[in-house]
Every structure is written in structure tokens, then in C-alpha cells.
Amino acid sequence: MSLHDPRWGHKPNDPKAQQGKGPGNDGPPDLDQLWRDFNQRLNRLFAKRGGDGGGGYRPDARGVGLTASVAGAILLLIWLASGAFIVPEGQVGLVTTFGELSHKTGAGFNWRWPAPFQAHETVNVAQVQTVELGYRANVRNKQPNEALMLTADESIVDVQFSVQYKVADPVAWVFNNRDQVETVRDAAETAMRELVGRRKMDALLFEGRDKLAAEAQRMVQQMLASYKMGADVTGVTVQSLTVPEQVAAAFEETVKAQEDRARARSEAQAYADDIIPQAKGKAARMKQDAEAERATTVNTAEGNAARFNQVVAEYAKAPGVTRDRMYLDTMQQIFSSTSKVMIDAKTAATINLPLDQMLTRSVANEASMGSRSGPVMPPVAPVQQGAPSQPAPPASGTVTVNGSSAQPQAQAPTQAQPQAQAQATPPAQGVRAADAAQKIDPRSREASRDRETR
């Protein structure tokens with residue numbers, strides 16, 4: 001008898017076995033009818049019996065066993081099918097037997113014994129995962145409990161950063177720690193707080209952001225290795241490192257003041273670089289001048305001392321001659337830089353002789369004679385006659401000559417100078433003055449030569 005026969009599971013004389021069989025029912029059984037019959041049997045099997053016990057349906061033992069077997073087989077298939085699982089590409093499956101690692105599976109379709117015997121867990125070993133600290137998904141979504149950190153100078157900074165890591169050992173990642181992501185977050189926060197606490201705020205804000213990220217990556221990796229997490233830290237990215245919003249305005253003013261200080265320092269350094277070399281050069285030049293002056297003074301003093309020693313030796317030999325010679329040299333030095341006026345004491349006549357011009361002409365004539373260019377004759381002022389001669393008041397440093405002697409006299413009032421200049425000079429007195437000039441001239445020439453030699 002086939003399973004699709006409606007008489008299957010009934011007695012031969014059962015009227016229900018004859019359903020669907022007749023002159024017009026020789027075809028295949030109705031599936032809807034079979035399904036309805038199956039539902040009725042299940043309802044009768046699990047329904048409660050009536051109080052009189054005579055009106056209920058009582059299935060036979062064979063039908064009950066067959067239904068239970070079918071139901072058990074279906075449940076067994078469902079249970080066995082629950083052990084099938086698929087591991088995506090880039091992930092690893094870990095199969096455990098009563099909580100203990102049994103084996104690892106690769107990507108694709110896999111099967112294990114269903115619960116409660118075995119279980120499985122997949123771990124992504126190809127994707128780089130990210131843990132965010134100080135914010136969530138966006139830097140504007142701040143987490144103050146994680147972001148605010150204390151620096152070495154007792155200032156507070158707002159640090160937002162992220163840690164990128166990759167699972168290297170899935171077995172260690174699953175079995176050595178619980179709440180792996182939170183463990184990575186706690187380790188990263190601990191490392192960052194330690195590094196920030198070692199530095200001052202200025203160094204963090206303006207100098208060491210990249211260095212801070214590199215040191216944080218190294219420290220987090222060391223901590224995860226000590227925890228045996230089985231993860232490799234691939235990078236640490238500092239998203240934001242600023243002062244808290246509550247003190248941002250005051251901090252900006254501080255930054256501006258620091259920039260002004262740096263600019264003023266730069267300008268001062270530039271000025272120093274410009275003025276210091278000049279001052280050093282000037283000091284070196286003054287030092288050289290002082291050395292030259294010292295050498296000149298020392299040499300002059302030594303020369304004067306040697307000359308004085310020579311004079312002393314000559315004076316010891318002939319005191320009178322040496323004394324007269326010193327007197328004449330002194331008077332020559334005095335007369336060489338002053339105007340000369342000659343006065344005849346006998347006739348009270350004033351003779352104005354241009355001795356300075358005469359000496360200059362004498363020197364020029366000697367020079368011209370040496371070069372064969374002829375004497376130089378400068379014009380001589382005319383001598384007025386007929387005016388009475390009056391003694392002219394000598395100026396400062398003038399000489400009064402009486403006969404052949406010359407003695408310096410006191411200065412007369414300056415009111416008589418116009419009259420002295422307007423007086424005429426007699427011819428006889430002029431001759432005597434010329435003779436006196438010729439007597440003085442050789443010595444003046446020697447004095448001029450001495451001056452040129454010196």
C-alpha cells in the first residue's frame with residue numbers, strides 16, 4: 001500500500017478507508033484531504049478526554065507511534081541543520097566544545113554539532129577596526145569624561161583621538177580577555193593620559209602632536225601585548241588637541257601675547273645682529289688708534305728724553321753757549337707764529353716790516369733758485385710820507401727792537417693802531433730796518449729749515 005493511499009493507517013473495514021474510492025475516484029488521493037486528516041489526528045491525540053469517556057476519538061497505537069516518529073525526525077533534522085554556519089571572507093571561525101576550543105575554520109560553509117554540544121564564533125582578522133576616544137562618530141559629539149586631560153603644568157586640554165588596530169591572533173582575542181573593545185579603549189585612554197601628564201600645554205599645542213601620536217601608539221601596543229590581547233595597533237590619530245571651550249577666549253589672548261613677545265624678540269635680535277658687529281668694529285678701530293697713539297707718544301717721549309740727555313751733556317761742556325742757544329731757539333719758536341713790529345727807540349719812529357712775508361719770500365726764492373725758475377717778488381705796500389711817526393701799540397706777541405737788541409714788551413692799548421698804520425716811514429729808518437732784517441734773515445732761514453726738517 002502506498003503512502004498516498006487514503007486507506008493507509010486504517011483498518012480494511014473502516015468506512016474512512018473507502019473515502020475517495022468509488023466509481024469516480026480512481027485517481028490519486030487529494031493532498032488537502034490528507035492534510036486535514038493529519039491535523040484532525042493531532043488534535044484528537046492531544047485533546048482532553050470527555051467526562052463520559054464515550055464520545056472522544058481514540059487513535060490506535062500504530063498511528064500514534066508513526067506520528068511521533070515523523071515529528072521526531074523533523075525535529076532532529078532541524079536540530080542538525082542548526083549546526084551549519086557560514087564564515088565570511090576575511091574572518092575566522094572558532095568552534096568550541098562545551099566552551100573549550102575545538103578547532104578553527106576558514107571562510108565558507110561549515111558545520112558543527114548543534115548546541116549544547118558545540119558553539120562557534122567568527123572573528124574578523126582582515127578589517128582594521130577603530131576605537132574612538134573623546135568623541136563618537138564626529139568630533140562635535142564630544143565625550144568630556146574621556147577628552148579632558150591634565151598636563152604637567154596643571155592645565156587642562158581637550159584631546160580627541162582614535163586608535164586603529166587589527167586582530168592578529170583570533171584565539172587570544174576571544175579567550176584571553178572579556179569585552180575586548182572596551183579593553184582597547186581603556187588601554188588607549190590610560191596611555192594618552194600618561195603622555196599628556198608628562199608634557200606642558202604649550203609643548204602639546206604647538207610642538208609635539210605628531211610625536212605624541214607615535215608615543216601613544218607604542219605605549220598602547222605594549223599594554224595590549226602585556227594583556228595578551230592578540231591585536232596589533234596600526235596607528236593613533238589625534239583628531240583634536242585644544243583647550244576647553246570655557247577658556248578658549250583667554251587662551252587666544254595668551255597666544256597673541258606670546259606671538260607679540262616672539263616678534264619683539266626677533267626684532268631685538270635683528271637689531272643686535274646689526275649693531276653689535278658695528279660696535280665691535282668701532283671698538284677694534286679705537287683700540288688700534290689708541291695703540292698707535294701710545295706708540296707715537298712713547299717714541300716722542302723717548303726722543304725728547306734722548307735730546308734732553310744730549311742737551312744736558314752739551315750744557316755741562318759749555319753752559320753759557322748752551323743757555324744762549326736754548327734762549328734763541330725758544331724765542332724763534334715764539335716769533336715764528338706772531339706778527340713783528342720794529343720800533344726805533346731813539347727817534348720814536350715805528351717801522352712796519354712784513355717780516356712774515358719776507359721770510360716766506362726768502363724760502364720761496366731759495367726753492368726757485370734750486371729749481372732755476374727765478375726769484376719770486378711779491379708786491380710791496382707803498383710807504384706814506386709826510387705823516388708824523390708815532391709809536392704803534394704792539395699786538396700780542398710783538399717784538400720791540402732797540403738798536404740791535406730785541407726784547408718783548410707789554411701790550412699797548414689797541415686804540416692807537418689806526419694811527420700807527422697810517423704813519424709814513426722815513427727812508428733812513430727804512431734802511432736801518434732793512435739792515436736789521438738782513439741781520440735776522442739768516443737765522444730765520446735756519447729756523448725755517450729746522451721747522452721743515454722737523
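The values are calculated or read from the model by the stated rules, or taken from the named source; none is laboratory data. All values derive from a computational prediction rather than experimental measurement. Counting neighbours? That spans all protein chains shown, and the Cβs are built from the backbone with ideal geometry, glycine included.
Scan region 199-223 and report the pairs whose first residue is under 12 Å from residue 241 (Cβ atoms) and whose second residue is modelled with pLDDT of 90 or more and part of a helix (DSSP H, G or I), with Cβ atoms within less than 7 Å and a gap of 6+ or a chain change.
204/196; 212/195; 216/191; 216/192; 216/195
Does region 232-250 contain at least one residue that is over 35 Å from the mean Cα position of the chain (by Cα), surrounded by 14 or more Cβ atoms within 10 Å (Cβ to Cβ) and either of a type in the set (S, T, N, Q) or not assigned by TED's automatic domain parsing to the domain that holds residue 96 (or both)?
For region 232-250, residues over 35 Å from the mean Cα position of the chain (by Cα), surrounded by 14 or more Cβ atoms within 10 Å (Cβ to Cβ) and either of a type in the set (S, T, N, Q) or not assigned by TED's automatic domain parsing to the domain that holds residue 96 (or both): present.
Considering 282, 287, 256, which residue is part of a helix (DSSP H, G or I), modelled with pLDDT under 90 and not assigned by TED's automatic domain parsing to the domain that holds residue 175? Break it down stepwise before answering.
Values: 282 fails: modelled with pLDDT under 90; 287 fails: modelled with pLDDT under 90.
Unique residue meeting the criteria: 256.
Being surrounded by 13 or more Cβ atoms within 10 Å (Cβ to Cβ), at pLDDT below 75 and out of contact with any Lys or Arg (no Cβ under 8 Å at 6 or more places or on another chain) is the filter here; which residues of region 322-346 pass it?
The answer is 338, 339, 340, 341, 342, 343.
To keep it simple, each residue is scored yes or no on (1) modelled with pLDDT under 90; (2) not basic (Lys, Arg).
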residue	(1), (2)
192	no, yes
199	yes, no
204	yes, yes
212	yes, yes
215	no, yes
219	no, yes
224	no, yes
245	yes, yes
250	yes, yes
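Evaluate the following for residue 189: is it among the acidic types (Asp, Glu) and in contact with a Leu (Cβ under 6 Å, 6 or more places away or on another chain)?
yes
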